[in-house]
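The values are calculated or read from the model by the stated rules, or taken from the named source; none is laboratory data. In this text the structure is predicted, and so the values were computed from the model without any measurement. We place every Cβ from the backbone using ideal geometry, glycine too, and count neighbours over all the protein chains shown.
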Ligand code: AMP
Ligand code: MG
């Protein structure tokens, strides 16, 4: 038996490098992983500019506590630049974002003004008020986004504001996905007694997409050695990672091991975890292979623990560890020492802090426990039974 952390480390160590780079339009960059740092080519904002609609003046012209009377020399529309300067007792009517005219250092907001023809009366404001200095947001040359980070909506806005129309990102990893088992039937098709509808290809397909990879659906393979062999070879030729579910136990129809032995290399690992059956890890002609358990909860959990970080690493991400919190257990939980257990849980934020309970029955075939869950309760190897009121580690999902 190997611990979860060791299994994960060994799997990740085998992923040599990220997928190649490509260029995409900024508008298509959401969720993609940057392949290069993004540095600002200029100061943002690139000139001192007004933070409000109002009047640009010299602070020295504002009578402290009183009202100053200054002459309006021009009215600057948005997008325009005032070529002249502001002399003593003069002002420029200015819009939010417009460049400050030469000579002016302060803007009096519209609301604090009273216009009288060519003249305007202005209330006093702090010297330098309402001016956004050049470079206050970003300095020229500063790295604003690091390679390896995942682009969020606000990142796209920042990249665009620097004038870039495209971003350099990693190609999405490609994942070939297939279900194994004579009893597994495509949803929407007729089902005979003893058969079940395929769940895993859909939950795993969703997890592949959520991890930022592209899923290639290769359907269901019956427990027939020749067919499995053919489909796995096709999968390996088309993808960076091949995922199967089912067929990795020790039953008579569990063919994955035998077939992988012929066309690739495979290790069967007893990972000290619950749920989770033996996990098959190997390669088919250089392509990474994962044989996930057939039980729906176990396959989702194994994907989460072992496959997702591989897809993230292939996608170029640098942060592979999930964020966890601690919460107070509101119920007792059975726990066997010596293995890591993952309970499906419901995490709530209360006036006493985070609290967590399980979703109920925890069998590895009970997919509805995963649906009801908003977190995993992680009970570490060394731990025994948990009593209500104890602190536990929780990974929000
Ligand atoms: P196996 O490891 O192939 O014996 O599968 C273990 C359990 O998971 C059995 O009850 C299978 O019927 C079930 N199972 C296997 N594949 C799937 C699937 N794609 N969707 C739902 N259940 C499955
Ligand atoms: Mg099977």
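Points worth noting:
- Where strands (runs of 3 or more DSSP E) fall entirely within segment 73-137, those with at least 1 residues that are surrounded by 13 or more Cβ atoms within 10 Å (Cβ to Cβ), modelled with pLDDT of 95 or more and under 43 Å from the mean Cα position of the chain (by Cα) are at 90-94, 106-109.
- Hits in segment 238-254 (condition: within 14 Å of ligand 1 (Cβ to nearest atom) and within 21 Å of residue 175 (Cβ to Cβ)): 243, 244, 245, 246, 247, 248
- Scope segment 284-316; condition more than 16 Å from ligand 1 (Cβ to nearest atom), in contact (Cβ under 8 Å) with a residue 60 or more places away in the chain and in contact with a helix residue (DSSP H, G or I) (Cβ under 9 Å, 6 or more places away or on another chain); matching residues: 288, 304, 305, 306, 308, 309, 310, 311, 313
- Single residue of segment 251-277 satisfying the filter (more than 13 Å from ligand 2 (Cβ to nearest atom) and in a loop (DSSP other than H, G, I, E, B)) that is surrounded by the fewest Cβ atoms within 10 Å (Cβ to Cβ): 270
- Residue in segment 344-366 that is modelled with pLDDT of 95 or more, touching a helix residue (DSSP H, G or I) at 6+ places or on another chain (Cβ under 6 Å), crowded, with 19+ Cβ neighbours inside 10 Å and within 30 Å of residue 31 (Cα to Cα) present: yes
- Residue in segment 318-335 that is within 30 Å of residue 221 (Cβ to Cβ), more than 13 Å from ligand 1 (Cβ to nearest atom), in contact (Cβ under 8 Å) with a residue 60 or more places away in the chain and surrounded by 19 or more Cβ atoms within 10 Å (Cβ to Cβ) present: no
- First in segment 344-373 and free of Cβ contacts under 8 Å to residues at least 40 places away in the same chain and within 22 Å of residue 207 (Cβ to Cβ), second anywhere and within 16 Å of ligand 1 (Cβ to nearest atom) and outside any loop (DSSP other than H, G, I, E, B), Cβ under 9 Å, 6 or more apart: 358/369; 359/368; 359/369; 359/370; 359/371
- Residue, nearest to the chain's Cα centre (by Cα), within segment 165-207, restricted to residues that are assigned to a helix (DSSP H, G or I) and surrounded by fewer than 22 Cβ atoms within 10 Å (Cβ to Cβ): 207
- Unmet criterion (only one of (1) in a strand (DSSP E or B); (2) within 22 Å of the chain's Cα centre (by Cα); (3) away from ligand 1 (no atom under 16 Å from the Cβ)) for residue 147: (1)
- Every pair of residues 6+ apart whose Cβ atoms lie under 9 Å, when the first sits in segment 168-197 and is without any contact (Cβ under 8 Å) to a residue 40 or more places away in the chain and under 27 Å from residue 240 (Cβ atoms) while the second is outside any loop (DSSP other than H, G, I, E, B) and more than 10 Å from ligand 1 (Cβ to nearest atom): 186/219
- In segment 219-237, the residues that are surrounded by 14 or more Cβ atoms within 10 Å (Cβ to Cβ) and either more than 14 Å from ligand 1 (Cβ to nearest atom) or within 18 Å of residue 286 (Cβ to Cβ) (or both): 227, 229, 230, 231, 232, 233, 234, 235, 236
- Enumeration of residues in segment 367-381 that are over 13 Å from residue 274 (Cβ atoms) and part of a loop (DSSP other than H, G, I, E, B): 373, 374
- So residue 280, is it touching a strand residue (DSSP E or B) at 6+ places or on another chain (Cβ under 8 Å) and at pLDDT below 95: yes
- Qualifying residue in segment 144-155 (condition: touching a strand residue (DSSP E or B) at 6+ places or on another chain (Cβ under 6 Å) and more than 30 Å from residue 204 (Cα to Cα)): yes
- Screening the candidates 47, 24 for the property of being touching a strand residue (DSSP E or B) at 6+ places or on another chain (Cβ under 8 Å), assigned to a strand (DSSP E or B) and within 27 Å of residue 138 (Cβ to Cβ) yields one hit, 24.
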